[in-house]
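First the structure, in the form of structure tokens, and then the observations on it.
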Amino acid sequence: MVLHFEDAAFSDTYGGGGNVIGLDNHLVKPVAPHPNAESDTVLIFMHPTGGGMYLPIVGALAAAGNHVIWANSRYRGTDSALIMEKVAADLGQTIVDARDRLGYSKIILAGWSGGGSLSMWYQSLAVAGEGITDTAAGDPYVVPAERLPEVDAVMMLAAHISRHGTLTEWMDPSITDESEPFVRDPFLNLYDPANENQPPYSEEYLQTFRDAQIARNRDITAWVKDRLDEIRNSDEPNRELSFTVQGTMADPRWLDPAVDPNGRTPGECYLGDPKIVNDGVVGLARYSSLRSWLSQWSYDDARCDALKAAVDVTVPVLVVGNGADNACTPSHTHRLFDAVSHADAHPLNQMHEIEGASHYYGGKDGREHLAQAVKIITDFAGQVSSQ
């Protein structure tokens, strides 16, 4: 358990000790007589919603001789009120603890899936050296620079570009009235058999569809800002409003394998049948608060964006894509690597793609794919450690 303290006008997590923030972190490492039982280097995973400490890759990396911390943010298991600036503070405190209490002198962020953009954004915040002063919603939130120390390298593992970017690419633009979410425009409804647009989709249709997805995100954001302004101008300025967003798994990729092609199975996404997931209970942004929407999901307002943050990152970066990933597809992998390939790019920067690997390294060849990923990561970590 890692504890830190902060001043807050209100709580956005269940239970706990008010301004005492407790992080459920897990250190996994080889033990003697393993030659790497002691190390000065640690890999730190953090996903905004946590819960990945039992992913196969964590134990496999430790078995290969790496010291690994899976760090859960304060929002472990739920993102309905998640504030990305507070997640960054949680990651910073984990790094401080790993350095000052556990004694690790070299720290590598292991950004798996949604943790990838978090890791890249965190390092850009640390490099800026200005700390955090507020949230994307404009609420004061102060994290001094010393609580956001720089790390020695960043890994982007089966990662996407951002939570808000991914949500927007998955949004169902056939919903044109949020108060009537099951009344849908058939022209934009991928799951309507009467829709004249069927796979393979034309470039013109895809562009119309993508523009409509962005427009829907912006419409929700405008509504959120109006409601938040009303609250802040009332006699209860810290009040919140929770709301539901239907239709968040309507990406043409899942139905047309020619869109962002890789080895995934058409008609599936990482959560199963995308038509069911589109309105299921576990979709991205299904439940949100006003402030969380602006910090986490707003296309224009959310700050945790790996592509923008990459400009400031000059430490070594490893990007690993999975060749049959049905969540974080190749365009994300390549956009991430292109973003870190700037004038100040580190010579150790590298990208690998593991042919046939799924998002979670499942399937009949999953163990082989996992072993490939572990070797790539271990070799990279060794190069960073020996600098």
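Remarks
- Test: Asp226 is surrounded by 13 or more Cβ atoms within 10 Å (Cβ to Cβ) and either in a loop (DSSP other than H, G, I, E, B) or outside the structural domain of Ser358 (by TED's automatic domain parsing) (or both): no
- Listed by position, the helices (runs of 4 or more DSSP H) inside the range 261-358 whose residues that are assigned by TED's automatic domain parsing to the domain that holds Glu230 number at least 3 are 274-277.
- Residue within the range 30-38 that is modelled with pLDDT under 95, β-branched (Val, Ile, Thr) and over 24 Å from Val384 (Cβ atoms) present: no
- Strands (runs of 3 or more DSSP E) within the range 47-136 that include 1 or more residues of a type in the set (Ser, Thr, Tyr) and surrounded by fewer than 17 Cβ atoms within 10 Å (Cβ to Cβ): 132-134
- The one condition in (1) of a type in the set (S, T, N, Q); (2) modelled with pLDDT under 95; (3) in contact with a Cys (Cβ under 9 Å, 6 or more places away or on another chain) that Thr78 fails to fulfil: (3)
- Across the range 1-42, the number of residues qualifying as under 23 Å from the mean Cα position of the chain (by Cα), under 30 Å from Leu241 (Cβ atoms) and not in a loop (DSSP other than H, G, I, E, B) comes to 4.
- No other residue among Leu3, Leu43, Leu23 is crowded, with 16+ Cβ neighbours inside 10 Å, of a type outside the set (Lys, Arg) and modelled with pLDDT under 95 apart from Leu23.
- Met53 passes every criterion in (1) farther than 27 Å from Gly366 by Cα; (2) of a type in the set (A, V, I, L, M, F, W, C); (3) touching a strand residue (DSSP E or B) at 6+ places or on another chain (Cβ under 9 Å) apart from (1).
- Filter result for Ala339 (modelled with pLDDT of 95 or more, surrounded by fewer than 16 Cβ atoms within 10 Å (Cβ to Cβ) and of a type in the set (Gly, Ala, Ser)): no
- Of all residues in the range 215-229, those that are among the basic types (Lys, Arg) have Cβ atoms under 6 Å from Cβ atoms of residues that are assigned to a helix (DSSP H, G or I) and modelled with pLDDT of 95 or more, 6 or more apart or on another chain, in Arg227/Leu290.
- Hits in the range 144-154 - residues which are surrounded by 21 or more Cβ atoms within 10 Å (Cβ to Cβ) and either out of contact with any Ser or Thr (no Cβ under 9 Å at 6 or more places or on another chain) or not in a loop (DSSP other than H, G, I, E, B) (or both): Leu148, Ala153, Val154
- Annotation: of all residues in the range 155-189 being touching a helix residue (DSSP H, G or I) at 6+ places or on another chain (Cβ under 6 Å) and more than 24 Å from Gly356 (Cα to Cα), the one that is surrounded by the most Cβ atoms within 10 Å (Cβ to Cβ) is Met171.
- Selection status of Thr135, in contact with a Phe, Trp or Tyr (Cβ under 7 Å, 6 or more places away or on another chain) and hydroxyl-bearing (Ser, Thr, Tyr): yes
The values are calculated or read from the model by the stated rules, or taken from the named source; none is laboratory data. Keep in mind the model is a prediction, meaning the values are calculated, not measured. Positions of Cβ are backbone-derived with ideal geometry, glycine not excepted, and every protein chain shown enters the neighbour counts.
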